[in-house]
Amino acid sequence: MKKIVVSAINFSSGGPLSVLQDALGYIGKNLSNKYEIVALVHNKDLFDVENIKYYEFSNSKNSWINRLFYEYIYFYFLSKKIKPYLWLSLHDMTPNIKAKKKAVYCHNPSPFYQTNRLERKFNKKFWLFTKYYEYIYRINIDENDHVIVQQDWLRSEFEKRFKIDNVIVANPNIKIPNEIVEIDGNEIPKKDFAFFYPSFPRVFKNFEVICETAEILKEKGIKNVKIYLTIDGTENEYSKYIYKKYKKNSLLEFIGLISREEVFKMYSKIDALIFPSKLETWGMPITEFKEFDKPIFLSDLEYAHETLGNYSKGKFFDPLKPEQLSDVIINYINNDIKFDNHKDLTIDNPYVKTWEDLFNILLEE
């Protein structure tokens, strides 16, 4: 049998792990009758998919030296031993390997982002990524039969930066929970208009534009608004800075990190979602919240337009201008908002929305 290798030795939590589990779930169920499946993972205990042979690399995340060794040295000899038909690297780097077909899935959009002083101050690692991750992408990228990204704007950037024409746009499969659990803590007061921004406090997530908006609303005498943020100042230096600066604003509720199930419970209670992030490969809360058919106020950026797609209750604002967001909120609570009736963008092929369609391309003879 021909062999498929799926490599993701640094995926151990969060969204990346979900992508890997989802991919292996599809492969194990649908392709194992035709192909021998090998998965290179960080911790094989995180997977229960049958018909897959797992290789564990538990020290891959200990240092970049380990990661580079595996990608550019160890995997070369492993590939010569396994002799794969397809080698799919799910985490950005194109390894030095031997395979009939090669593909890399690129998640990290940081090379296409310009950091500001605040972002450089609170996350030097992210700043370094914006400077040097392009070179990680560039290594061996020409050797791939296919490069996979989640959005068309990323494809345009890859084509422009790396002079390649083999990029597939593959939208992520986002699963909506069937059951929603009760959220701990205080209920949302009925007299308030409630808004919500669920995100981990990374510097580009742009919590400050919401907080500055709350300052503007407070100055204008607005009192019947509550904006719920999933930070409380304990997560990292950036959230500590945000909380310390804005904690006295009564319009803001710093509820801290909550589970995905609790996020969905909040979705069901709030009036509108605010999503001001300045950088995303997708923007999962946008897709999730569309299921509730409520207003979404979101950054007027390419990723957000592509993620929103067909939706009649979206309103875009400049993520660097809190006065725009404050106008959106005031218009909403005064029942005077004019939504941007948004439509799906036209995306050229190759463009897929399912693992089945993606692997049909990757395995094409």
**Study point:** Qualifying positions in the range 297-324 - within 15 Å of Tyr113 (Cβ to Cβ), touching a residue at least 40 places away in the same chain (Cβ under 8 Å) and buried (at least 19 other Cβ atoms within 10 Å of the Cβ)
**Key:** Ser299, Tyr303, Pro319
**Study point:** Residue check, Asn140 in contact with a helix residue (DSSP H, G or I) (Cβ under 9 Å, 6 or more places away or on another chain), on the phi > 0 side of the Ramachandran plot, surrounded by fewer than 19 Cβ atoms within 10 Å (Cβ to Cβ) and in the same structural domain as Lys83 (by TED's automatic domain parsing)
**Key:** yes
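Looking only at the range 250-278, filter to residues that are among the hydroxyl-bearing types (Ser, Thr, Tyr) and more than 20 Å from Asn178 (Cα to Cα); which one of those is surrounded by the most Cβ atoms within 10 Å (Cβ to Cβ)? Break it down into steps so the answer makes sense when it comes.
Quick first cut of the range 250-278, residues among the hydroxyl-bearing types (Ser, Thr, Tyr) only: 250, 259, 267-268, 277.
Add one more test, that the residue is more than 20 Å from Asn178 (Cα to Cα), and what stays is 250, 277.
Details: Ser250: 10, Ser277: 22.
Among those residues, the one meeting the criterion is Ser277.
Checking the conditions here, which among Tyr70, Tyr26 is aromatic (Phe, Trp, Tyr) and within 14 Å of Phe359 (Cα to Cα)?
Tyr26
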Point to revise | From Ser7, Ser12, Ser18, Ser58, residue being closer than 30 Å to Lys278 by Cα and part of a loop (DSSP other than H, G, I, E, B) | key: Ser12
Review point. Any residue at all in the range 251-260 that is of a type in the set (S, T, N, Q) and modelled with pLDDT of 95 or more?
Key: no
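Any residue at all in the range 32-42 that's closer than 15 Å to Leu88 by Cα, in contact (Cβ under 8 Å) with a residue 40 or more places away in the chain and in contact with a strand residue (DSSP E or B) (Cβ under 6 Å, 6 or more places away or on another chain)?
The first filter runs over the range 32-42 and keeps only residues closer than 15 Å to Leu88 by Cα, leaving 35-41.
Adding the requirement that they be in contact (Cβ under 8 Å) with a residue 40 or more places away in the chain leaves 35, 38.
Cutting the leftovers down to in contact with a strand residue (DSSP E or B) (Cβ under 6 Å, 6 or more places away or on another chain) gives us 35, 38.
Yes.
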Check your understanding: Quick one: how many residues across the range 298-332 are over 17 Å from Glu215 (Cβ atoms) and either in contact with a Leu (Cβ under 7 Å, 6 or more places away or on another chain) or part of a helix (DSSP H, G or I) (or both)?
Key -> 12
Point to revise | Tally, over the range 61-93, of residues that are within 24 Å of Ala170 (Cα to Cα) and part of a loop (DSSP other than H, G, I, E, B) | key: 6
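Would you point out the residue of the range 261-295, among those that are touching a strand residue (DSSP E or B) at 6+ places or on another chain (Cβ under 8 Å) and among the β-branched types (Val, Ile, Thr), that is modelled with the lowest pLDDT? Walk me through how you get there before you give the answer.
Start the filter on the range 261-295 by keeping residues that are touching a strand residue (DSSP E or B) at 6+ places or on another chain (Cβ under 8 Å), which leaves 266-267, 269-278, 281, 283, 285-286, 289-290, 293-295.
Adding the requirement that they be among the β-branched types (Val, Ile, Thr) leaves 270, 274, 281, 286.
Working: Ile270: 96, Ile274: 98, Thr281: 90, Ile286: 97.
My answer is Thr281.
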Study note, to complete from the structure: Given the conditions (1) at pLDDT 95 or above; (2) in a strand (DSSP E or B), every one holds for Asn341 apart from (1)
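Given the range 209-296, what helices (runs of 4 or more DSSP H) lie entirely inside it while holding 1 or more residues that are within 21 Å of Thr115 (Cβ to Cβ) and out of contact with any helix residue (DSSP H, G or I) (no Cβ under 8 Å at 6 or more places or on another chain)? Give the derivation first.
Numbers: elements: 237-246, 260-269, 284-290.
Result: 237-246.
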Check your understanding: From Thr115, Thr130, which residue is modelled with pLDDT under 95, assigned to a helix (DSSP H, G or I) and crowded, with 19+ Cβ neighbours inside 10 Å?
Key -> Thr130
Exercise for review: Answer yes if at least one residue in the range 60-71 is surrounded by 19 or more Cβ atoms within 10 Å (Cβ to Cβ), closer than 19 Å to Asn144 by Cβ and aromatic (Phe, Trp, Tyr), and no otherwise.
Suggested key: yes
Review point. Among the residues of the range 50-58, is any closer than 20 Å to Trp355 by Cβ, touching a strand residue (DSSP E or B) at 6+ places or on another chain (Cβ under 8 Å), of a type in the set (A, V, I, L, M, F, W, C) and in the same structural domain as Trp355 (by TED's automatic domain parsing)?
Key: yes
Exercise for review: Can you confirm whether the range 229-243 contains a residue that is among the aliphatic types (A, V, I, L, M) and either at pLDDT below 95 or touching a strand residue (DSSP E or B) at 6+ places or on another chain (Cβ under 7 Å) (or both)?
Suggested key: yes
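The values are calculated or read from the model by the stated rules, or taken from the named source; none is laboratory data. Please read these numbers as outputs of a predicted model, since none were measured by experiment. Note that each Cβ is placed from the backbone with ideal geometry, even for glycine, and that neighbours are counted across all protein chains shown.
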